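FYI, it's all coordinate maths here, none of it is from the lab. None of these values were measured; they are calculated from a predicted model. For neighbour counting, all protein chains shown are included, and Cβ atoms are generated from backbone atoms with ideal geometry for every residue, glycine included.
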Amino acid sequence: MVDLKEKVIVIDPDKCVGCHSCEMACSLKNFGKAHPYYSRIRITEFRDVNTFIPITCQQCEEASCIKVCPMGARYRLENGAVVTNQDACIGCRACMFACYQGAPVIDPESGKTMTCDKCVGEEMPWCVKACSMQNALEYVPKYMVNSTSGKKFAWELREEYKPKGIKDEGSEFGFSFG
Amino acid sequence: MHGWVGNRLRVDLTEGKATVENLSPQYLRKWVGGRGLNSDIVYHETWEGMDPLDPANPLCFASGPLTGTFSPLAGRTTVSALSPMTCSYRGTNVHGHGDTNMGGQFATYLKYAGYDQIVVKGRADKPVYIFIDDDKISIRDASHLWGQGVKVATKNIIEELGDPEIKVALIGPAGENLVKFACVVNTFSNSGGRTGMGCVMGSKNLKAIAIRGTKPLTYADPVKFAEEAWMLRERVRTSPSAIRRKAEGTWDLFDAGNAIGINANKNHSTGYMKGIEETYGGLVFADKYLFRRKACWSCPVACGRYTYFKDGKHAGKHFGGPEMEAACNLGTRLDSYDLEGAVWLSGIVNELGMDCISAGAALSWSMEAYEKGLITKEDTGGIEFKWADMETSEKVLYMIANREGYGDILAEGNSRVAEKLGVGAGIVPHCRGLEHISVDPRIATGFSLGYAMSTRGSDHLKNYSCNEFPGCAMSRKDQIVDALGPELTEVFWKDFPNELTSFATKPQLCYWSERNKCVADLMGTCCHAIGSWGGLGDWRAYTTLYRLATGFDMPDEEIFVAAERVVSIERANWLRSGSARQDDTHIDRFFDEPVADGPYKGLKIDRKVWAWAQDEYYKLHGWDEEGFITDVKLKDLNLEEVIPDMEHGRKLYREYMEQQK
């Protein structure tokens, strides 16, 4: 049985403004340092068209990184996150290429790979918390993913079908379940 | 070193050499950061009477101790040099301290590359750009980039170096052609506009500085730093002003400004435009042209705008900006109701690399002078100026950047234009040669005093005058007590918030805000962080983060002394050229000509009250009545080396005053 209450990080690039707070939070949490290269979430910037794409591990159910790892170093934590066992990892970077979005990144201190562990033990991953003004990142249970920023279809239809002329409490930046 | 990197990079373009200096903890304690490091270099490595376009003029880029960390709102770069734009009543060839502050990501990557500050001197014999690849510094040919606009050149440099993570600060054609108000732009569209730093960069034949930084910053106490930073971030997130900034950007003052009639429409002749809120303003812009907001480094607010024209004349065009000042100075200042036109002009100004305020001022001055018959077609080379003529304005902007025809004259900055043509000096709204932003100094008295007392020429951000609007400083009595001491606070608080138009408590307000704003600049944080609209944190939150990041045991009092030191050294840069009290004032227009329209119709500044306000402000700083910093004060601030320069400056000032009699 899939635990539908297990929370995942949902990314909406349309809301990302390229402030890199998530990277700063991640590198501070995990290394006590500040640099995007020490972060497990990365924003790829296209400043010429003001477009920003955050990329972090989506903890796939059938994770190709687990399958491809020659050392069996990629494994799943109890909270669902897929991480690298750095003791076993040889740093071949196969997981990076096997991943459809290239989420695993190189740990600058060991040269092996690392991915998001959803800040084990914290109520909310730091990157999501750091994005709480923009909500480009949200931390939602799996059963809600389709109704948040991951899928806006219902929210677009809401505009069309809701009672007309009522006072709408929803903010212009969308509704957050975070 | 934590927080800091502890290195200063010096590049000499004449010799083609780069050297690295270590910054000692004692030195950093003295000057703290960003603006402080720069102001020290600019004062001590220039001299009275120096030509700002002299190769020896040090062009400095600095970051603050919080830049590039998890601290919110800390992504600012300060760019400083002796300013070619500003001048004194002693003569338009008298120059002083110039600096400008820009957002974006440049300062962050400067630190990641391993430097707190770059100081560029010398002049290359052909166009070049500097590529800083961590420890490897190379000076590369930029002939093929010369003449290219900001966005195009940024893209070309990134493609040439083959790494999308390279950050570029550069000048546009205006800087290359030594337009006096050319700006420096980084991260495609974050501009440092004021005081002509782009002109200094152009005079060095330096097109750009590109940075790749791969080294991390460390914190002295990461755990506590994180705790404090989260608290501050939560405060920012829930603050009403941050939410408003998010929706409207820096435009949030526009509507209110028009309602009380303080906007600088029609070259500062009226503050009120009927019905403008229908076609103009932050929400109108957001509705029509805003594509997606953009943020500076580590800023959760993201007030930056990005324009995309879905339809209309410019359909398909997109560019960064405009902020409120760009759209006001290229719109309402030209008496135009046309938001689309203003936004388009701001895009052009950005691409050409000019300061939108001074560029708008050059246009509006020409329009008023032409209307009044002070200049004719013969002066302008056949161009007919009339109010709200956006097409002519567009043409003239290109002429300024390329220094063609009449544009060549305007490129010198309004004060020098008026001097050269021999007319219209009375309709250049400026202090020390730098034009006012779009707030009328006759009504908003805090702005009025702030403009005049600012250490870089007319400016609302040095004496962060927005604090004067009711509601901004209201809940901050405790802060004021800390800043001014209990006795002064009583004076200040008694009738606060006072009337907008009264000077009564404005000297204290200016003094207090100036110091807080300077703390923000020292930390490398945004002006919205400290001494701004309530809720984005106060200086204490940031100084706490500073201590936790750097591990310096530096109490707030010591940081305040450092802030005072920085303000003083900048002021001293002016004083040593004899630019003192005579320049801390407004043009006659604001004393003689009443406000034309709006709720404050008929208001003007009273000369006696103004003199009183000047005196009060000087007293708070511990300056004498001529506006000079006293020897005692300089000794207190450990600036003994400045004392002989003050003597020299006083002599020049008194000679000037004698002549005036």
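A few notes on this one:
- Local charge for B:THR218 was computed over the other residues whose Cβ lies under 12 Å away, with Lys and Arg +1 and Asp and Glu -1, and equals +2.
- A P(r) calculated from all alpha carbon pairs of the stretch B:286-368, with 10 Å bins opening at zero, reads 19, 48, 29, 5, 0 percent.
- Fewest neighbouring Cβ atoms within 10 Å first, the residues B:THR108, B:THR270, B:THR154, B:THR380 line up as B:THR270, B:THR380, B:THR154, B:THR108.
- With kT/(6 pi eta Rh) evaluated at 20 °C and eta = 1.002 mPa s, and Rh the Kirkwood radius from Cα pairs, the stretch B:250-435 diffuses with a coefficient of 128 µm²/s according to Stokes-Einstein.
- Count Lys and Arg as plus one, Asp and Glu as minus one, and take only other residues whose Cβ is under 14 Å from that of B:ALA418; the net charge is then -1.
- Share of Cα-Cα pairs in the protein assembly as shown lying beyond 42 Å, as whole percent: 30 percent
- Cα-Cα separations in chain B greater than 39 Å, expressed as whole percent: 24 percent
- Under the Debye formula (equal points on every Cα, no solvent term), log10 I(q)/I(0) of the stretch B:202-333 at q = 0.15, 0.17, 0.21 Å⁻¹: -0.91, -1.02, -1.19
- Degrees separating the helix A:21-31 axis from the principal Cα axis of chain A, which is the longest one: 30 degrees
- Sequence ranges B:613-622, A:25-34, B:76-85, ranked by mean other-Cβ count within 10 angstrom, highest first: B:76-85, A:25-34, B:613-622
- Rounded if a/c under 1.5, otherwise prolate or oblate - the stretch B:184-268, Cα gyration tensor axes: oblate
- Burial ordering of B:LEU217, B:LEU352, fewest other beta-carbon atoms within 10 Å first: B:LEU352, B:LEU217
- Inter-part distance where the stretch B:199-234 and the stretch B:396-462 are each reduced to a Cα centre, Å: 32 Å
- Here A:ASP14 and B:SER24 are evaluated by their C-beta separation; at R0 = 41 Å the FRET efficiency comes out at 0.30.
- Dipole-positive endmost among B:LEU28, B:TRP512, B:MET646 within the protein assembly as shown (Cβ charges, Cα centre): B:LEU28
- Annotation: the residues B:TRP365, A:TRP155, sorted from fewest to most other C-beta atoms within 10 Å of their own C-beta, follow the order A:TRP155, B:TRP365.
- Around A:MET71: net Lys/Arg minus Asp/Glu count, Cβ-Cβ under 13 Å: +3
- Over chain B: helical MRE at 222 nm, DSSP H runs n ≥ 4 each giving -39500 (n - 2.57), nearest 500: -12500 deg cm²/dmol
- Electrostatic dipole magnitude of the stretch B:162-245 [Cβ: Lys, Arg +1; Asp, Glu -1; Cα centre; debye, to 20]: 280 debye
- Lys/Arg +1, Asp/Glu -1 at C-beta; the stretch B:242-297 dipole; positive extreme among B:TYR289, B:GLY257, B:THR270: B:TYR289
- Extreme residue, positive dipole direction of chain B, given options B:SER502, B:PHE447, B:MET324 (C-beta unit charges): B:MET324
- Percentage, to the nearest whole number, of Cα pairs in the stretch B:7-212 over 29 Å apart: 15 percent
- Based on the convex hull around the alpha carbon atoms, chain A presents an average projected area of 12.1 nm².
- Difference of contour (0.36 nm per residue) and Cα-Cα distance, B:LYS224 to B:TYR398: 57.5 nm
- When +1 charges are put on Lys and Arg Cβ atoms and -1 charges on Asp and Glu Cβ atoms, the dipole computed for chain B relative to its Cα centre reaches about 1000 debye.
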